[in-house]
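A.B. asks: Next up is a structure, given as structure tokens.
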Amino acid sequence: MKSLDALGRERPGSGVTDFITPVMNGLELAQVIKFDPERASVLVILLSGAQGAIARAHLDLFAGVYDKAFRIGPMVARIRELLGSDGGAVDPREHS
């Protein structure tokens, strides 16, 4: 999977994924990231058309969940906020 390959080469602070993706869904991707000690600090933001409730049942995996169609401004502000923080001080449910 391209995103996991990229995580093997680079160390991003965050990533944005859709729920529906070709190889594994966004929930599965977040689980792989969060259960790997070398990747666990990556903040995952999920976009979803209809599966937002599934993602919200796993808020420990996501820094934010945004339902389509969403306004890009609040999502960008959330990413900026997270990258400027320690990544653990903000409750993602406040911004979902």
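None of the figures in this text is laboratory data; all of them are computed from the coordinates on show. This one's a predicted model, so the numbers in the text were calculated from it and none came from an experiment. Cβ: placed from backbone, ideal geometry, glycine included. Neighbour counts: every protein chain shown.
A.B. asks: Highest GNM mean-square fluctuation, the chain, Cα pairs closer than 10 Å: which of G84, G13, G49?
C.D. replies: For the chain, modelled as a Gaussian network with Cα springs under 10 Å, the answer is G84.
A.B. asks: Moving on to the next point. If contacts are Cα pairs under 8 angstrom and at least 6 residues apart, what is the relative contact order of the chain in percent? Intermediate results must be reported in sequence, preceding the final value.
C.D. replies: Numbers: 112 pairs, mean separation 23.5, N = 96.
Result for the chain is 24 percent.
A.B. asks: Extent of the chain along each principal axis, from alpha carbon coordinates, in Å, largest to smallest?
C.D. replies: Principal-axis extents of the chain (Cα, largest first): 30, 30, 22 Å.
A.B. asks: Given springs between every Cα pair under 10 Å in a Gaussian network model of the chain, which of D60, D18, D36 has the largest fluctuation?
C.D. replies: D36
A.B. asks: Would you pull out the residues with amide H under 5 Å of S14's amide H, same chain only if 5 or more places away, H placed 1.01 Å from N?
C.D. replies: L43
A.B. asks: Another question, then. For the chain, with a Gaussian network of springs between Cα atoms less than 10 Å apart, report the residue from A53, A30, A40 with the top mean-square fluctuation.
C.D. replies: Largest GNM mean-square fluctuation: A53.
A.B. asks: Once the other residues with Cβ under 10 Å from the Cβ of L46 are scored (Lys, Arg +1; Asp, Glu -1), what is the net sum?
C.D. replies: -1
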